[in-house]
Amino acid sequence: MRLDSTGRAVHNAILLSIPDNEYNLLQRHLEHIEFPQHHILQEAGAKIEFAYFLNGGMASLVVLTSDGRSVEVAIVGKDGIVGTPLSVGLELGPQRAVMQIPGIGLRVKSSVLMDVLNSTPELQVKWNRYVLIQALQVAQIAACNRLHEIEQRLARWLLMCQDRVESETIFVTHEFMAQMLGTGRPSVSLAAGILQRSGLIENMRGSVKILNRPGLENAACECYFAMQHFTNGLRQP
């Protein structure tokens, strides 16, 4: 078990994977934060003030268009970091990062983290691997949104969410899922209804409960498994 400076347990995979000497350099700079749903961690085009290591919950990286529409291009849970452009010295974020599922985490000032990186080579390696994982997500989700049916995409998205929050119940509305998937709410409600009638999920007010994980995997497109395969390979020592 690893603790933050307030004595709370750390669950972020990257922070748990680095050596003690590197974590000790970073620990005193980490600030415990609680994130409500829809809380914006960083805004598109704005300076990145903090990097965030989630201990729970899930954030979406969202691309916004001038007409007010939005689509999710990647998600971050306790497996990763919000603020990846900092790894190569970039201080502006290309997407909005918003808490999709409420949770807790740790934040560190971007200037401090960039200084600490010079003395933490293992953290640099883990972070660079995560940047590759996130780039895969962006590319695969773009292909998925263009090529696959909404029921497959919704199944893939729910599986990705469950992997990060480790819960059968995902607290999101159909309207919010529609925004993340870049489609209309009626399409998401229709797809969710198909998955429910198949006994894979249960649609509840403000949440979705996964009833049959293997069945949902069968309903998902190949994109979910492509991302899992690549991610698992990169996480090997």
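What follows is calculated from the coordinates using simple rules that are stated; it is not laboratory data. Model, not experiment: these values are computed from the prediction. Cβ coordinates were reconstructed from backbone atoms using ideal geometry, including for glycine residues, and neighbour counts include every protein chain displayed.
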(message) Which of the numbered conditions does residue 182 fail, given that it passes all the others? Conditions: (1) touching a strand residue (DSSP E or B) at 6+ places or on another chain (Cβ under 7 Å); (2) at negative phi.
(response) (2)
(request) Restrict the check to the range 154-166 and report whether at least one residue is more than 25 Å from residue 38 (Cα to Cα) and in contact with a helix residue (DSSP H, G or I) (Cβ under 7 Å, 6 or more places away or on another chain). (result) no
(request) Could you look through the range 122-146, keep only residues that are free of Cβ contacts under 8 Å to residues at least 12 places away in the same chain and over 19 Å from the mean Cα position of the chain (by Cα), and pick out the one that is nearest to residue 182 (Cα to Cα)? (result) 146
(request) Sort out which residues of the range 12-53 are part of a loop (DSSP other than H, G, I, E, B) and surrounded by 20 or more Cβ atoms within 10 Å (Cβ to Cβ), and write them in order of number. (result) 12, 18, 30, 48
